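Asker: Quick one: this structure, given as structure tokens, is what I'll be asking you about.
The values are calculated or read from the model by the stated rules, or taken from the named source; none is laboratory data. None of these values were measured; they are calculated from a predicted model. For neighbour counting, all protein chains shown are included, and Cβ atoms are generated from backbone atoms with ideal geometry for every residue, glycine included.
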Amino acid sequence: MERRVALIVLVSMIYLTGCDEQGASGRQPAEPYTSFFTPLPEAAVFPDDNAFSEEKRVLGEFLFWDPILSGRMNVSCATCHHPDHGWADGRPFSVGVDGAGLGPTRSGTQETPFHSPTVLNVAFTGLRETQPQPGFVSGGYFWDLRAATLEDQAIDPIKSEVEMRSSDFLEEEILPEIVSRLALIPEYQALFSAAFEEPDPIIERNIGQALATYQRTLVTAPTRFDSFLAGDETALTAGEITGLNKFINSGCTECHSGPMLADNLIDATRQVQRNKLPVRTPTLRNVELTPPYMHDGSRSTLRGAISVYEDRNDLDVTLEEGDFGDIERFLRTLTDADFPRQVPAYVPSNLPVGGDIL
Ligand code: HEC
Ligand code: HEC
């Protein structure tokens, strides 16, 4: 309750210093905003038990794009986390093993039960403070938070029958199968030996470590919003600042705050989509790039996602239709238009890069 009162006081201060449609003269210092939001840290944070090395990153990149990790050798991680779709897949639900193509037009019938989130900035998932404290390990992955670390998370899609495994293999068979496939490829032997010290480095744990290392490097650059937070008052337009103020005043920051604009927590008592699963708060960074929205992809546009919050006293959110456009304008300032897009020219298996996605 105390937090709520502090918020109201702070927000009235923002209004008093002027915000609505006043043009350049109405811009105010970014200082109060930094109590709600902070810029992303400049560099990814790597856990002590999986420190960064360029060798691990290179291996992880190949593994991410190589369909050899899937039962029928037709699906890679990039099939559902592709830079053309903001490192997600642009679909309400994903199609794995029985599909072909990329994004919304991908064929196939077997769908995942959840919508694919972006893997951009997963190095910072769960970060709520300005700077990571020593020992910070990013975490709480999946909409239901069932994977604690990125290393654990990476193994899950390989085992999933719908995503990568297929019915050709039993769950307990697939990782031994992948390991023996990789061990037959001289380039993978060399890559694993360069990245890991043990004599037989092609093991499940190292597959997870390499994939996690690569994904932690998929970090976006500072956006106009970050420049604004850093004190450049001209970085946002008056209209965008109006949206930012409405975002705070409406109560969105109760859950969407900090460097990721997400507490990454599940609030079972305040369910955003009525009669649906309680799920964790997702990041709003680069949200513009990853329609459709929500854990079930049920909102096809950003405007539609915002409209979920109209008249939501149950969430302590006050938002009216007239506010949607302003909030949307603000959320679009969270996009890094030059986000990482590099696609490897080949993968060591010589299978099609990314899987059957053309
Ligand atoms: C068939 C599509 C598909 C494939 C293939 C796939 N994913 Fe995903 N990914 C998803 C979906 C759907 C979710 C959300 C699932 C959930 O929350 O239960 C997800 C979630 C994630 C997350 C969690 C992100 C977060 O914010 O919590 C990460 C990280 C991730 N995937 C990485 C990978 C990696 C690494 C691979 C390859 C080993 C991979 N994915 C393969 C569809 C896919
Ligand atoms: C009680 C915590 C809470 C509050 C308050 C809240 N949100 Fe959310 N937000 C969530 C959760 C949880 C989800 C995911 C819901 C789902 O997938 O069904 C979400 C999803 C979203 C999404 C979709 C993101 C995506 O990638 O799918 C947008 C956009 C969004 N919120 C904006 C807002 C705005 C704007 C406000 C204020 C008007 C707000 N939120 C207030 C918790 C919250």
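Asker: Among residues belonging to region 261-319 that are among the small types (Gly, Ala, Ser) and buried (at least 19 other Cβ atoms within 10 Å of the Cβ), point out the one that is nearest to Arg332 (Cα to Cα). Before the answer, list the steps.
Answerer: Narrowing region 261-319 to residues among the small types (Gly, Ala, Ser): 262, 268, 297-298, 300, 304-305, 307.
Among the residues that remain, those that are also buried (at least 19 other Cβ atoms within 10 Å of the Cβ) are: 262, 297, 305.
Values: Ala262: 16, Gly297: 19, Ala305: 13 Å.
In this case the residue turns out to be Ala305.
For (1) modelled with pLDDT of 95 or more; (2) within 16 Å of ligand 2 (Cβ to nearest atom); (3) under 30 Å from Ala43 (Cα atoms), each residue gets a yes or a no:
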{"position": "Ser107", "(1), (2), (3)": "yes, no, no"}
{"position": "Phe114", "(1), (2), (3)": "yes, yes, yes"}
{"position": "Tyr141", "(1), (2), (3)": "yes, yes, yes"}
{"position": "Glu187", "(1), (2), (3)": "yes, no, yes"}
{"position": "Ala195", "(1), (2), (3)": "yes, no, yes"}
{"position": "Asp200", "(1), (2), (3)": "yes, no, no"}
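Asker: Looking at (1) outside any loop (DSSP other than H, G, I, E, B); (2) touching a helix residue (DSSP H, G or I) at 6+ places or on another chain (Cβ under 7 Å); (3) closer than 30 Å to Phe64 by Cα, which one does Pro259 not meet, given that it meets all the others?
Answerer: Among (1) outside any loop (DSSP other than H, G, I, E, B); (2) touching a helix residue (DSSP H, G or I) at 6+ places or on another chain (Cβ under 7 Å); (3) closer than 30 Å to Phe64 by Cα, the lone unmet condition for Pro259 is (1).
Asker: Would you confirm, using the coordinates I've provided, whether Gly208 is small (Gly, Ala, Ser), over 22 Å from Met294 (Cα atoms) and either modelled with pLDDT of 95 or more or part of a helix (DSSP H, G or I) (or both)? Even if it seems obvious, please write down each step before you answer.
Answerer: On the way: small (Gly, Ala, Ser): yes; over 22 Å from Met294 (Cα atoms): yes; either modelled with pLDDT of 95 or more or part of a helix (DSSP H, G or I) (or both): yes.
The answer is yes for Gly208.
Asker: Pairs, please: C-beta under 8 Å, at least 6 apart or cross-chain, first residue over 14 Å from Val119 (Cβ atoms) and among the small types (Gly, Ala, Ser) and in region 138-150, second at pLDDT below 95 and within 7 Å of ligand 1 (Cβ to nearest atom)?
Answerer: From region 138-150, no pairs qualify.
Asker: Looking at Glu163, Glu177, can you tell me which residue is more than 19 Å from Phe93 (Cβ to Cβ), among the charged types (D, E, K, R) and either more than 16 Å from ligand 2 (Cβ to nearest atom) or touching a residue at least 12 places away in the same chain (Cβ under 8 Å) (or both)?
Answerer: On the way: Glu163 fails: more than 19 Å from Phe93 (Cβ to Cβ).
Exactly one residue qualifies, and that residue is Glu177.
Asker: In region 204-211, is there at least one residue being surrounded by fewer than 18 Cβ atoms within 10 Å (Cβ to Cβ) and closer than 20 Å to Ser53 by Cα?
Answerer: First, the residues of region 204-211 that are surrounded by fewer than 18 Cβ atoms within 10 Å (Cβ to Cβ): 204-205.
Those left that are additionally closer than 20 Å to Ser53 by Cα: 204-205.
There is at least one residue in region 204-211 that is surrounded by fewer than 18 Cβ atoms within 10 Å (Cβ to Cβ) and closer than 20 Å to Ser53 by Cα.
Asker: Does region 143-151 contain any residue that is among the acidic types (Asp, Glu), modelled with pLDDT under 95 and part of a loop (DSSP other than H, G, I, E, B)? So that I can check it myself, show each step before the final result.
Answerer: Narrowing region 143-151 to residues among the acidic types (Asp, Glu): 144, 151.
Retained after the next criterion (residues that are modelled with pLDDT under 95): none.
No: region 143-151 contains no residue that is among the acidic types (Asp, Glu), modelled with pLDDT under 95 and part of a loop (DSSP other than H, G, I, E, B).
Asker: Determine which member of the set Leu211, Leu315, Leu218 is under 26 Å from Asp144 (Cβ atoms) and near ligand 2 (Cβ under 8 Å from one of its atoms). Spell out how you get there, then give the answer.
Answerer: Numbers: Leu211 fails: near ligand 2 (Cβ under 8 Å from one of its atoms); Leu218 fails: near ligand 2 (Cβ under 8 Å from one of its atoms).
Only one candidate passes the filter, namely Leu315.
Asker: Here's another thing I want to ask about it. Residues Leu120, Leu127: which one is more than 12 Å from ligand 1 (Cβ to nearest atom), under 17 Å from the mean Cα position of the chain (by Cα), touching a residue at least 40 places away in the same chain (Cβ under 8 Å) and closer than 22 Å to Phe339 by Cβ?
Answerer: Numbers: Leu120 fails: more than 12 Å from ligand 1 (Cβ to nearest atom).
Among Leu120, Leu127, only Leu127 is more than 12 Å from ligand 1 (Cβ to nearest atom), under 17 Å from the mean Cα position of the chain (by Cα), touching a residue at least 40 places away in the same chain (Cβ under 8 Å) and closer than 22 Å to Phe339 by Cβ.
Asker: What about Ala268, is it farther than 23 Å from Thr242 by Cβ, of a type in the set (A, V, I, L, M, F, W, C) and more than 15 Å from ligand 1 (Cβ to nearest atom)?
Answerer: yes
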